[in-house]
Structure formats: C-alpha cells, structure tokens
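Colleague: Structure incoming, see below.
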Amino acid sequence: MSREGVYRAVEAMFRRWDGLCIVGSRDFAGERQSAGRARAWVKGLLSTHRVWGDVLDTVTLLVSEVVTNSVLHSDSGSDPDGVIIVVVGLGNGAVHIEVIDRGSAVNVPTMRPTDAESLSGRGLDWVDGLSDGWGSDHDKEMGRAVWFRVKT
C-alpha cells in the first residue's frame, strides 16, 4: 500500500474515533457462532460501563448483525483461519462499535431491497434504522471496518 493510502485509512479511523475511548477489543473466529459470542461479550463489557436498557439491547442486536455479515460476506468468514475483530468505544454520548474483517473482492456492505417474504438481507437496514450513524471503510491492506454509533 502506498504511504498516501495508509495515511487516508488512518485519517478516516481517527475521525471516527475522535473523542472516544476504546474500552475493549476482541478477536473472534470467522464462523457463525461468533455472532452470539460477540453479542455476549459486548453485552458484558458495556454492562460494566453502565450501559443498560434499550441502548444495550440495540447495540447487542446490531453487533450480532454486523458480525453475521462479516462471517457470511467477507474473506474472514470463508477462510478457516479467518478472524473478525470487534472494537468497542465510549464517548461523546455514544457507544461506538467497529467490526473489522479482511473484506472481500466481491462483496461491499450495502442495504438491499427486501420484502415481507425475504428471509435475509435486513441486517444493514436494521443498522441504518436503529443506529445514530454507520458506515464502512475498506482498504486492500488493512481490511474492512463496518462501524455504527448508538447514542446513550
């Protein structure tokens, strides 16, 4: 990666994390069970930081959805040794979550049209509707980060 590419990736990360304190980070295997494990870990971690009620319920639901997307749609989920990293931050009156994976050459996080009959495809709709902001950044060398914020 070029120096300019690294600079842009780091600059985007710093903008997302401005005013936030990282309270935890954990690696999970790129397998389906990791969504539940990540949800339980985030719930326990945020509970110790006095995040409860609807905010905690919303964050844990969205963590589950974003980790599931990483497992299903990234190279981290298709590689037996794949790793998904969940990072939790607090500050500026919000919980900030980043789910980092290896990305994919063929899949980009996008909301898809669904109907009442659809059995899947609603995860990012939920992230969009329930969070106070979300997005994704991808870099060939550093991977993909899908992030969201929920106000406390």
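Colleague: When region 51-80 is examined, which residues are found to be farther than 20 Å from residue 152 by Cβ and surrounded by 15 or more Cβ atoms within 10 Å (Cβ to Cβ)?
Modeller: Across region 51-80, the qualifying residues are 67, 68, 69, 70, 71, 72, 73, 74, 75, 76, 77.
Colleague: Next question. With respect to the numbered conditions (1) free of Cβ contacts under 8 Å to residues at least 12 places away in the same chain; (2) closer than 16 Å to residue 102 by Cβ, which one is the sole condition not fulfilled by residue 54?
Modeller: Status for residue 54: all satisfied but (2).
Residues checked against (1) surrounded by 12 or more Cβ atoms within 10 Å (Cβ to Cβ); (2) at pLDDT below 95; (3) over 14 Å from the mean Cα position of the chain (by Cα); (4) among the hydroxyl-bearing types (Ser, Thr, Tyr):
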| site | (1), (2), (3), (4) |
| --- | --- |
| 13 | yes, yes, no, no |
| 16 | yes, yes, no, no |
| 20 | yes, yes, yes, no |
| 29 | yes, no, yes, no |
| 35 | yes, no, no, no |
| 40 | yes, no, yes, no |
| 46 | yes, no, yes, no |
| 49 | yes, no, yes, no |
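Colleague: When the residues of region 87-108 are narrowed to those that are in a loop (DSSP other than H, G, I, E, B) and within 24 Å of residue 43 (Cα to Cα), which ends up modelled with the lowest pLDDT?
Modeller: Going through the qualifying residues, I end up with 92.
Colleague: Quickly run through region 16-51 and pick out the residues that are over 23 Å from residue 143 (Cβ atoms) and either touching a residue at least 40 places away in the same chain (Cβ under 8 Å) or β-branched (Val, Ile, Thr) (or both).
Modeller: The answer is 19, 46, 48, 49, 51.
The values are calculated or read from the model by the stated rules, or taken from the named source; none is laboratory data. Because the structure is predicted, anything quoted here is derived from the model rather than measured. Virtual Cβ from ideal backbone geometry, glycine too; neighbours counted across all protein chains shown.
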